Amino acid sequence: MQGEFIFPAYAAIPESFQIKAPIEQNTYLIDGEMRAWDGAFQDVYSPIYIKNENELKPQRLGSFPLLDANASLEVLQSARNAYDLGKGEWPTMSVKQRIAHMMQFVKMMKEKRSEVVNLLMWEIGKSLKDSEKEFDRTVDYIIDTVAALKDLDRDSSRLKKEQGIYAQIRRGPLGVVLCMGPYNYPLNETFCTLIPALIMGNPVILKPAKYGILLLSPLLEAFRTSFPKGVINIIYGNGKDTVGTIMETGKVDVFAFIGSSKTANTLKKLHPKPNRLRSVMGLEAKNPAIVLADADISLAVEECILGSLSYNGQRCTAIKIIFVHEQVKEQFINLYLEKLKTLKCGMPWDKDVMITPLPETNKPAYLKELIEDAQQHGAQIINEDGGLILHSFVYPAVLYPVNKKMRVYNEEQFGPVVPICSFHSIDEPIDYMVESNYGQQVSIFGTDADQMAQLIDPLVNQVCRVNINSQCQRSPDVYPFNGRKDSAEGTLSVNDALRVFSIRTMVAGKDSEINKNLLNDILEGRKSNFLSTDFLL
Ligand code: G3H
């Protein structure tokens, strides 16, 4: 382990990744303009510390506005004006035109790849490879969403006739959407709700995650110029003043939130008319891996290393507890520790780096608490340097044997702590999942078809994705991403998201001479965007 040598001197950072000038984000996007903010600002510091003589200091990256309640209400009004109670330009625009706006945005977005990727590394400590992957995956998501919408539109471009009634059924927008993404995927997960919300005709208020805020700055001009005014608005600042104030008005129609259930519940409860609020949420998870006695151990280790420690374990889909059958526990643990030793620690731009600094300032202290609590209840750190902390950097701690008295058994650590339990009867990990507050995914490792099948059947009713001899993950984004219990509300995937942010609405009429003439007139004269049999190629 590299200990205190983990952080670089500024001169040692490759030039293309250096921060030439901090980003002082002193405007915010509202009503189609970048409005200057003259109130308070928040400084942004990187989790990356820079070595200077004998000192280590976090790199300052810039600042962003701390909007107050009044400014937040103006942002809400901007989105409401764009919707104009469903009469606005954006909600009544044809799908073809909305797609054209989105394609302009994605074209401009692609030009900002290197800036956004660099900020992903500096703001949240994500490796270069994963930051590039996050950017490219987001671009693909937009393209796939456009393709899915064209399919949907083709299906809806037909006039139906049932029981003597003509009807055209399409999906229409819902109203003002409040989108909040998480810090671990500040671009991808935020855009996974933002993009479908927009393209279905809803104006959006976007509140960036608590870290990964400045990386949106290079995209603001693309947002401003690609969409009609008020269709996309961005608010910065503390939650209570901004999103809290907006929710209390009852004028948010859809709440798209990826983060903790505690924050989600607090915000949802502020809405005075919960029946009017549609929500879609990705929340906490504590995905277990279950390694059976006949598992291919080297494959299980490979996947569990990736599952538990990719991006330092800061993925909602990460494997957050490992159950290993007692017959193979030594073999599994020894191989896991051997593999762990080969993982490279360093800065996000270092080649093949896996373990990097953590963005949450309180995270190292929280992980230390979890480790000490586990130790008090009988677990040991079984890897060399496990749990070593240097400012924002935490070397992974593997804890064994873990039991139910420990906090780490149930709490989502969201960081580089790997709890391992051994089991004798398969009922132990199954009971764990039944009793858990979470229900996102599980990974099961084994080779016996009968045993695996017997596990699959009960487990699909505990979680929403059972991964066979593979780590837990969200991708590919066309697959449903959801969860049970406190892990999610609603389902996201390229297709599902289009449904989440829209409602089926129809135009219908009895088969009469007057209606036939009217329909012909509207359709042939292409007089309506909704009532139309044109379809997109
Ligand atoms: O943090 C949760 C992300 O959606 C995980 O996505 O499993 O594809 O890394 P991923």
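The values are calculated or read from the model by the stated rules, or taken from the named source; none is laboratory data. All values derive from a computational prediction rather than experimental measurement. Here the Cβ is made from the backbone with ideal geometry for all residues, glycine too, and neighbour counts use every protein chain on show. These area figures cover heavy atoms from the full protein model, side chains too; ligands, DNA and RNA do not enter into them. Shrake-Rupley method; radii C 1.70, N 1.55, O 1.52, S 1.80 Å.
Of all the criteria given as (1) surrounded by 11 or more Cβ atoms within 10 Å (Cβ to Cβ); (2) in a helix (DSSP H, G or I), the one not satisfied by ALA11 is (1).
Summed over the stretch 114-133, the residues that are surrounded by fewer than 22 Cβ atoms within 10 Å (Cβ to Cβ), out of contact with any Pro (no Cβ under 6 Å at 6 or more places or on another chain) and closer than 19 Å to ARG60 by Cβ give a count of 1.
Among the residues of the stretch 52-70, just one is of a type in the set (Asp, Glu) and either outside any loop (DSSP other than H, G, I, E, B) or crowded, with 19+ Cβ neighbours inside 10 Å (or both), namely GLU55.
Filter the helices (runs of 4 or more DSSP H) completely within the stretch 259-354 down to those with at least 1 residues that are open to solvent by 40 Å² or more (accessible area, probe 1.4 Å) and within 16 Å of the ligand (Cβ to nearest atom).
Passing ranges, in order: 261-270, 297-309.
Quick grid of which residues meet (1) open to solvent by less than 60 Å² (accessible area, probe 1.4 Å); (2) in contact (Cβ under 8 Å) with a residue 40 or more places away in the chain:
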site: LEU358; (1), (2): yes, yes
site: LYS363; (1), (2): yes, yes
site: ASP373; (1), (2): yes, no
site: ILE382; (1), (2): yes, yes
site: LYS404; (1), (2): no, no
site: GLN413; (1), (2): yes, yes
site: SER425; (1), (2): yes, no
site: ASP431; (1), (2): no, no
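Among the listed residues TYR83, TYR49, identify the single one that is closer than 20 Å to SER127 by Cβ and open to solvent by 30 Å² or more (accessible area, probe 1.4 Å). The conditions single out TYR49.
Only one of these conditions is not met by ALA449: (1) under 24 Å from the mean Cα position of the chain (by Cα); (2) open to solvent by 10 Å² or more (accessible area, probe 1.4 Å); (3) of a type in the set (Gly, Ala, Ser). Which number is it? The number of the failed condition is (1). Screening the stretch 112-138 for residues that are within 16 Å of the ligand (Cβ to nearest atom) and hydroxyl-bearing (Ser, Thr, Tyr) and picking the one that is nearest to PRO14 (Cα to Cα) gives SER127.
The set of residues from the stretch 1-55 being in contact with a helix residue (DSSP H, G or I) (Cβ under 6 Å, 6 or more places away or on another chain) and free of Cβ contacts under 8 Å to residues at least 60 places away in the same chain comprises just one member, ILE50.
Residues in the stretch 513-533 that are out of contact with any Leu (no Cβ under 8 Å at 6 or more places or on another chain) and assigned to a helix (DSSP H, G or I): how many? Final tally of qualifying residues: 9.
Answer yes or no as to whether ILE389 is open to solvent by 10 Å² or more (accessible area, probe 1.4 Å) and touching a Phe, Trp or Tyr at 6+ places or on another chain (Cβ under 7 Å). First the steps, then the outcome.
Values: open to solvent by 10 Å² or more (accessible area, probe 1.4 Å): yes; touching a Phe, Trp or Tyr at 6+ places or on another chain (Cβ under 7 Å): no.
So ILE389 does not fit the description; no.
When the stretch 433-451 is filtered for residues that are of a type in the set (A, V, I, L, M) and free of Cβ contacts under 8 Å to residues at least 24 places away in the same chain, only ALA449 remains. Restricting the search to the stretch 470-487, which residues are over 16 Å from GLU189 (Cα atoms) and open to solvent by less than 40 Å² (accessible area, probe 1.4 Å)? Residues satisfying the conditions are GLN471, CYS472.
So, in the stretch 81-135, exactly how many residues are under 21 Å from LYS210 (Cβ atoms) and outside any helix (DSSP H, G or I)? So the count comes out to 3. Scanning the stretch 250-298 for residues that are of a type in the set (A, V, I, L, M, F, W, C) and over 21 Å from MET180 (Cβ atoms) yields ALA289, ILE290, VAL291, LEU292, ALA293, ALA295, ILE297.
Criterion applied to TYR49, TYR45 was being in contact with a His (Cβ under 7 Å, 6 or more places away or on another chain) and of a type outside the set (D, E, K, R), and the one residue passing it is TYR49. For GLN327, the requirement of being over 30 Å from the mean Cα position of the chain (by Cα) and farther than 23 Å from MET433 by Cα is not met.
Restricting attention to the stretch 13-35, the residues that are out of contact with any Phe, Trp or Tyr (no Cβ under 9 Å at 6 or more places or on another chain), modelled with pLDDT of 95 or more and on the phi < 0 side of the Ramachandran plot total 5. Within the stretch 16-39, the set of residues being assigned to a loop (DSSP other than H, G, I, E, B), open to solvent by 40 Å² or more (accessible area, probe 1.4 Å) and more than 22 Å from GLU360 (Cα to Cα) comprises LYS20, ALA21, ASN26, ASP31, ASP38.
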